[in-house]
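Below is one structure, written out as structure tokens, with a few remarks after it.
The values are calculated or read from the model by the stated rules, or taken from the named source; none is laboratory data. A quick note: this is a predicted structure, and the numbers were derived from the prediction, not measured. So basically every Cβ, Gly included, is an ideal-geometry build from the backbone, and we count neighbours across all protein chains shown.
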Amino acid sequence: MNCFKRRRSPVGMDAQLTTEDKDTAEGPRDTEKGLNIIDRKKIQSNRTSEHRETVYRTASVESCKTENEKMYRKTGTVDRLRGNRDASGVDEPNLVSHLPDVVVQSDHQRPLPYQITNQAVLLFLNISGLNALCETYSHAVKTGIEQLTETINSYTSALVSEILSYDGDILKFTEYGILSMWSVHSFPLVTQTVENVIQCARDIQSKHGTQTTSDGVTLKVKIGIAAGEVQILIIGNDDERSYVEVGRGIEGVIEAMNMCESGGDVVLAPSAWIHCHSSRNTDHVEMHDTRFVKVTRLYARPSLGYRTTAVTRCTENPDLSFRDLAAPSTTILDHAAGKIVASSGKKSLQEGDGKQMNKCGLQNTTATHFSRLKLFIAKPVLQRIDDDECLSEMRRVTMLFVRFGVDRNVTKYCYRLLTQRCYEVICTKAKRMRGCMNKIFASDEGCPVFMVTFGLPGYEHENDSADALDCAYEIYTELNEIVRLKQTSVAVTTGPTYCGIVGHSRRHEYTVIGRPASMGPRLVKHYRGKVTCDDATFCNSNLNETYFIAQEPKEMNGLQVEIVREYRPRINSND
């Protein structure tokens, strides 16, 4: 029997926090003060944080079986906590489906910023052909968007369904594809988890690897797999929050995906392949001059099943899913109720009073938990859900992308504070210009990329392109003043995009797909240390032409790009 666990309690996650996390959990909230404190720290603390020993929890087949049984026994209680599925507005089921399990189950009462550390196997699924699909349907206003939504979600839903059926936690949907994670709770389970993920990837490729739509657009899938440590950074403020995945595991899985030569490939990074002890279990090809391996087939060992009994049960009964178990764990609720009773100051309570206080504590904790989860969802999306309006549409938007590097010798705590500080700068500038923080995702070099969208429903402005360029330059100027940041790059793109819900009914996100969304990350990668824009942004901004400097054309991952310009509004001091 397979030993994979689908869910983890937030307390279990907290148990894996580094010493550095525990020491700073109640530390200074002010980012600038925190950075100043770091400057005075000795090099010993840096060495301690960099050479942390990871503590694994042991697991067994019977413990996994018991855990699955417990989860299903809790389903009835969780359904009551989540409320009615058919209710309008942003209720818990709608909320939970927009976020990964690792975020939903985290304790969001901790001071920001903080991180969740996992040892995991990761799968990055890249879908090619989505931009061409959006362009095909962009001309038909009503019927086009309905067909486009149905085509995108019928395909992505099938992909997500496969990942969920193999116990994967979908971390994020991006314009590139889907990033998923399988947490590993003990070292002996890494090999089995890697094989589980490989089988999931091969199933996806055999069933959905290549698909041609009714309009003749071919969608293809490339998959990278890696293993390693993953840190989920939780950043934000009392008004909005976000999360970003960083760590060697993330860098490895992106690199593995980039090593794919064509659609249908499944490539393993060295960090994952090293756990495949017997090459006889796979048909594989070693990629030229690298340690990456392309796996074409996995032979299942007779003694191991790849899907847990619980997952098989979910597949057979669509109404019962692990997504139903995403309310705060009983451990968090009991802990909160215990705090309430303890803080009452009474040494003895009658049994009836104690139960009543516990009940109130559970209700208040649940409400607080879900109210904080709302902060992770963009306000235009929340508003449309509240108004019961359609979330999927073709819109002309302007997108702003920010990428920066961080000195390699900084501690993980310092890295969190720097990311938090950058988030504060970007959000403050974007909010003033009616831009909305959409996502933060990791680039191929591990650098976080912040994506801000201008022109979303209810946030349109007369000239979003000009506003985005001014916002970009202000962000660029202020980030360059932050010590330990290097090569801040900002890009602005404009054009028609698909803005809507992408994924499965159990796990989906509001995502922007289209040429502007694909071009932005390429611009910040290839034109570093500048504020750049595409030709559409330049033409729509109606700004002084002397503010723009044409750049040398570059090949950007096969994407055909027109003129790229650097935006420097102060280059003409007489204007």
Tell me which residues, restricted to segment 491-536, are acidic (Asp, Glu) and either on the phi > 0 side of the Ramachandran plot or in contact with a strand residue (DSSP E or B) (Cβ under 6 Å, 6 or more places away or on another chain) (or both). 509, 534
Would you please name the residue that is nearest to the chain's Cα centre (by Cα), looking only at residues in segment 98-148 that are among the hydroxyl-bearing types (Ser, Thr, Tyr) and closer than 30 Å to residue 215 by Cβ? 128
Cβ-Cβ below 8 Å, separation at least six or inter-chain, first residue in segment 217-234 and free of Cβ contacts under 8 Å to residues at least 12 places away in the same chain and within 19 Å of residue 291 (Cα to Cα), second of a type outside the set (Asp, Glu) and assigned to a strand (DSSP E or B): which pairs? none
State whether the residues of segment 438-447 include one that is buried (at least 18 other Cβ atoms within 10 Å of the Cβ), of a type outside the set (S, T, N, Q) and closer than 18 Å to residue 566 by Cα. no
Is one or more of the residues making up segment 499-511 assigned to a strand (DSSP E or B), at pLDDT below 95 and surrounded by fewer than 20 Cβ atoms within 10 Å (Cβ to Cβ)? no
Restrict the check to segment 546-560 and report whether at least one residue is buried (at least 23 other Cβ atoms within 10 Å of the Cβ) and out of contact with any Asp or Glu (no Cβ under 9 Å at 6 or more places or on another chain). no
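Suppose the filter is of a type in the set (Gly, Ala, Ser), over 23 Å from residue 429 (Cα atoms) and not in a helix (DSSP H, G or I); does residue 489 pass it?
So residue 489 fails the test.
Listed here are the residues, each with its yes/no results for (1) of a type in the set (Val, Ile, Thr); (2) assigned by TED's automatic domain parsing to the domain that holds residue 400; (3) at pLDDT 90 or above.
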{"site": "515", "(1), (2), (3)": "no, yes, yes"}
{"site": "522", "(1), (2), (3)": "no, yes, yes"}
{"site": "533", "(1), (2), (3)": "no, yes, yes"}
{"site": "538", "(1), (2), (3)": "no, yes, yes"}
{"site": "561", "(1), (2), (3)": "yes, yes, no"}
{"site": "572", "(1), (2), (3)": "no, no, no"}
Check segment 402-417 and report whether any residue there is within 30 Å of residue 153 (Cα to Cα) and assigned by TED's automatic domain parsing to the domain that holds residue 475. yes
Restricting segment 265-300 to residues that are surrounded by fewer than 16 Cβ atoms within 10 Å (Cβ to Cβ) and in contact with a helix residue (DSSP H, G or I) (Cβ under 6 Å, 6 or more places away or on another chain), the residue that is nearest to residue 411 (Cα to Cα): 291
Report whether or not residue 252 is among the small types (Gly, Ala, Ser), closer than 17 Å to residue 295 by Cα and in the same structural domain as residue 126 (by TED's automatic domain parsing). yes
Pairs, first outside the structural domain of residue 445 (by TED's automatic domain parsing) in segment 463-492, second modelled with pLDDT of 95 or more and charged (D, E, K, R), C-beta under 9 Å, six or more apart: none
Could you please tell me which pairs satisfy a Cβ distance under 8 Å, a separation of 6+ or placement on different chains, a first residue in segment 253-278 that is touching a residue at least 12 places away in the same chain (Cβ under 8 Å), and a second residue that is of a type in the set (Asp, Glu)? 254/444; 255/444; 258/444; 269/255; 276/195
Quick one: how many residues across segment 239-268 are part of a loop (DSSP other than H, G, I, E, B) and within 20 Å of the chain's Cα centre (by Cα)? 3
Identify, by number, the condition in (1) in contact with a Gly (Cβ under 9 Å, 6 or more places away or on another chain); (2) of a type outside the set (Phe, Trp, Tyr); (3) under 22 Å from residue 397 (Cβ atoms) that residue 439 doesn't meet. (1)
Within segment 443-457, can one find any residue that is farther than 28 Å from residue 248 by Cβ, at pLDDT below 95 and part of a helix (DSSP H, G or I)? no
Only one residue in 215, 238 is modelled with pLDDT under 95 and touching a Ser or Thr at 6+ places or on another chain (Cβ under 6 Å). Which one? 215
Would you check which residues across segment 459-490 are polar (S, T, N, Q), closer than 16 Å to residue 565 by Cα and within 26 Å of the chain's Cα centre (by Cα) and list them? 489
